[in-house]
Each structure stands twice: as C-alpha cells, then as structure tokens.
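Comments concern the structure below.
The values are calculated or read from the model by the stated rules, or taken from the named source; none is laboratory data. Values in this document were obtained by computation on a predicted structure and should not be read as measured data. All Cβ positions, even for glycine, are placed from backbone atoms using ideal geometry, and neighbour counts span all protein chains on display. Heads up: the accessible areas ignore ligands, DNA and RNA and are worked out on the full protein's heavy atoms, side chains in. Shrake-Rupley method; radii C 1.70, N 1.55, O 1.52, S 1.80 Å.
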Amino acid sequence: MNAMTRKYLILLVVLVSLGSVSGCWDSREINDNFVVVAIGWDAAAKRHLMFTEQIAEMPPQAGKQKGAKTARSSPTFVTVSRDGRSLTEGPRNVHLRQPRSPLWQHAYCYLLGEDLCRQGLSGAVDYFLRNRNIRKTGYLFVARNSTAAQVLQVPTEVEKLPGPALVSMIKNQDLHIGIYTPTDMGDFLTKTITPGIEPAVPGVEIVNENGKKALRLSGMAVFKEGRLVGWLNEEESRGYRWLRPTPLAGGTKIIKCPFCGKPVLLDTTRSQCRIKPRIQDGRIVITIDIKEEGNFYEQTCSHQLLTPKTFPQLEQQAAQLIARQVRAAVNKAQALDSDIFGFGQAVFESFPKEWASLESKWAQVFPTLEVEIHVKSEIRRSYLTTETLQYHF
C-alpha cells in the first residue's frame with residue numbers, strides 16, 4: 001500500500017467515525033416523546049379555547065423470562081385537556097405538565113366542537129395553515145351535540161383508539177355504504193379560503209348503545225365563511241357525495257322491485273359528476289351531469305329481475321333516486337346560502353369576466369340559481385349468478 005492510498009484510507013475512516021458519532025442533528029428519541037393520535041378544539045368559558053389531545057399508551061412488552069405474564073395485546077389511550085386564550089396557548093399549557101414532548105405528526109384526525117364552529121374559525125384557519133405540525137392529510141370531523149373532548153374520551157369496539165377508529169369508520173362507510181364524504185384538513189382549508197366554494201365536514205356524535213357510550217357518524221356540517229351554518233341529513237349527505245368532482249367508487253342504492261315493491265340493492269362501482277354553468281337570458285344556469293355504473297347485488301323477493309326487460313326499469317329507478325338525493329342536497333345548500341358544490345368556481349372557470357362582477361354578490365345569486373340535474377345509471381353485472389334462483393320448500 002503506497003502513501004497516497006494509505007492517506008485516503010485514513011481520511012475515509014475518520015469521516016465514517018465522525019458520521020456515526022454526530023448522527024442526525026434534528027433526530028428525536030422516541031423515549032423522549034409521546035405519540036398523539038387525535039387532536040380536538042372546543043369553545044371554552046371567558047372566550048377561551050379548550051385543547052384536547054388523545055395519546056396512545058402502548059402496552060408494556062412481555063417479559064422474556066419463562067413463565068412471565070403475557071402483556072396486554074391492545075393499546076389504550078389517555079386524553080388531556082387544557083384551555084387557553086388562543087389555539088397555541090392551550091397545547092402549551094398541556095405540555096408544561098408533560099414530562100415528554102408530543103409527536104403531532106402521527107395524528108390521525110382532528111375534531112372541532114360544534115360550539116366553536118358556530119362561533120367561527122377565522123383565527124383557527126390561519127393557525128391550521130401556518131402550523132407545520134398540523135398534518136394537512138389528517139381527517140377532519142365536527143363533534144355534533146357534544147364537544148371534541150367528550151368524543152375523544154369514548155372508547156370504540158375493535159379499534160380501541162377513538163381517533164383512528166373515526167378514520168376507519170369514514171373510510172369504510174364511503175366504500176361500502178356511501179353516505180358521508182371524507183374530508184381532510186387540507187381540503188377544508190383550501191375550500192375555506194377559495195372564492196366560489198365552501199367546505200362540508202362529516203359530523204360525529206355520541207350515542208347510547210346497550211347502556212354504553214358509542215360513536216356514530218352523523219350528518220355533514222355545512223360551513224360559510226369559516227362558520228358552521230347548518231347540517232345535511234343522511235339523504236342530503238348522499239346527494240352531496242354524488243357531486244364529488246373526482247371519480248367516485250363504492251356505495252349502495254336501495255330501490256324497489258317493479259313487481260312487488262320489495263327492496264332491491266345495487267352497489268356503485270363507478271360514478272363521475274360534471275358541473276357545467278351556462279348563461280341563459282342573462283342569468284346563470286347550472287347543469288349537473290352524473291354518469292353512474294353499478295352491479296346488481298341483492299333482492300328480497302323471488303321475481304326474475306335479471307332480464308333485459310327489467311334492467312332498464314331498475315336503472316331508471318336508480319337514476320331517479322340519485323337525482324332526488326342531489327336535489328335534496330342542492331335545496332338545503334341554497335337554503336343555508338353555502339356553495340358547498342363549487343358552483344361559483346365552475347362559473348369562474350367558464351366565464352371569468354362575468355365572475356368578476358358576480359363574486360362580490362355571489363351570496364345573493366347562489367340561493368336563486370336554477371339547477372338542472374341529469375343522471376344516467378347503468379347496471380353492468382350481477383356477480384356470480386345471471387338469474388334469480390327458485391327454491392321449492
């Protein structure tokens with residue numbers, strides 16, 4: 001080995017040694033922190049704000065010695081609340097009493113109390129946008145008829161952490177039932193600060209089931225200028241979901257057998273909505289076109305429904321059902337004077353010059369808009385059978 005090679009080898013060893021000693025300058029040891037899985041804010045007395053965080057308390061590791069007791073298999077949680085004069089002071093009052101630092105980046109969801117939302121979130125929107133520890137991909141909920149703190153204290157079945165449980169609930173119902181629209185923090189903030197569109201957020205309420213408290217998704221909270229102005233019921237929430245701008249998959253529709261009126265269930269495999277404004281006789285008219293495809297899933301009678309003659313009748317019923325749900329959502333939004341569908345944005349994109357004069361008075365124009373709804377529904381498949389089986393008992 002010559003002198004030059006020996007020199008480079010020594011330099012390499014020194015650099016590797018320094019790297020292993022220094023490590024990452026901003027690393028945080030997990031033992032010095034605790035994991036926050038959900039965060040909530042409520043209105044409090046004296047114009048204060050109540051902050052609540054749900055902390056995952058992981059079970060102790062099982063002993064390695066023979067005969068040691070088995071550790072708990074499911075995690076538990078604790079909730080901690082403190083009030084403050086601002087959104088920042090509440091968390092700091094909590095952490096002044098904690099021996100470890102919080103990891104907010106692991107928060108699954110955020111909850112806002114109904115009272116706080118009705119007071120208005122103008123300052124909160126700025127805080128959520130500015131705070132780098134608030135995950136914009138975290139799911140957002142409004143605690144209905146209760147506080148965020150109360151919701152975060154209710155244990156749930158299967159998933160023991162209420163925060164992650166709410167996220168699973170909103171995702172599962174969107175795929176299998178199709179009532180409420182999942183909303184993340186980023187979507188809420190974007191719609192709040194963008195002209196021509198307002199956000200709607202799924203609600204969650206505390207119910208009593210067999211003498212125990214449980215959580216249930218309940219309605220969509222409608223906002224206007226950062227303030228909660230009303231709620232969509234189940235039918236209206238379904239209608240709002242059909243107007244989602246991105247392709248939609250999942251959900252069910254219950255129609256009636258054309259022969260006996262008993263329930264027939266169709267599921268949705270794909271749906272696309274397009275909102276098209278036009279100017280007619282000097283006024284704005286909104287056209288909603290929905291194309292939906294689904295499968296025949298279940299019937300509760302023995303009539304032969306899987307026939308070329310019957311399918312068009314079922315498809316017509318499905319289209320009428322979707323149109324009725326959309327109309328209900330539009331009527332409620334216009335009654336609340338909140339453009340949660342983005343009709344204003346559609347006008348801006350199609351007629352930017354006209355929007356320049358409409359934007360300042362959109363609150364007066366939106367409730368009087370004429371809205372046309374066109375729905376086309378098709379049944380594509382019937383899964384494993386192509387006819388209704390007949391049973392003889």
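Once the cut-off is 26 Å, how many percent of the Cα-Cα pairs in segment 136-249 end up in the long-distance tail?
In whole percent, the long-distance tail amounts to 17.
Expressed in nm², what is the orientationally averaged projection area of the convex hull enclosing the Cα positions of segment 286-390?
8.6 nm²
Rg/Rh for segment 316-377 to two decimals, with Rh computed the Kirkwood way over all alpha-carbon pairs.
Rg/Rh: 1.05.
Please report Rg over Rh for segment 159-312, where both radii come from the alpha carbon positions and Rh follows the Kirkwood definition.
Checking Rg against Rh, the ratio lands at 1.04.
For segment 130-176, restrict the atom set to alpha-carbon positions and state the Rg and Dmax in Å.
12.2, 35
Could you compute the FRET efficiency for T368 and Q320, with r as their C-beta to C-beta distance and R0 at 25 Å, rounded to 0.05?
0.50
Report the calculated FRET efficiency for R92 and S382 (r = Cβ-Cβ distance, R0 = 56 Å), to the nearest 0.05.
Values: r = 59 Å, r/R0 = 1.06.
Plugging the Cβ-Cβ distance into 1/(1 + (r/R0)^6) gives 0.40.
So what's the projected area for segment 233-330, the Cα convex hull averaged over all directions, in nm²?
For segment 233-330, the mean projected area of the Cα convex hull comes to 7.4 nm².
For segment 224-271, which whole percent of the accessible surface, found with a 1.4 angstrom probe, sits on carbon and sulfur atoms?
53 percent
Which ³J(HN,Hα) values, rounded to whole Hz and listed in residue order, are derived for segment 230-235 from phi using the Karplus coefficients 6.51, -1.76 and 1.60 in 6.51 cos²θ - 1.76 cosθ + 1.60 with θ = phi - 60°, glycine and proline given as x?
Going residue by residue, I get x, 10, 8, 7, 5, 4 Hz, with x marking Gly and Pro.
For K309 and V207 in one chain, what is 0.36 nm times their gap in residues minus the Cα-Cα distance, to one decimal in nm?
32.2 nm
With r as the distance between the Cβ atoms of K262 and R118 and R0 = 35 Å, compute the FRET efficiency 1/(1 + (r/R0)^6) and round to 0.05. If you can, show how the numbers build up before the last one.
Values: r = 43 Å, r/R0 = 1.22.
Step by step, r from the Cβ atoms, then E = 0.25.
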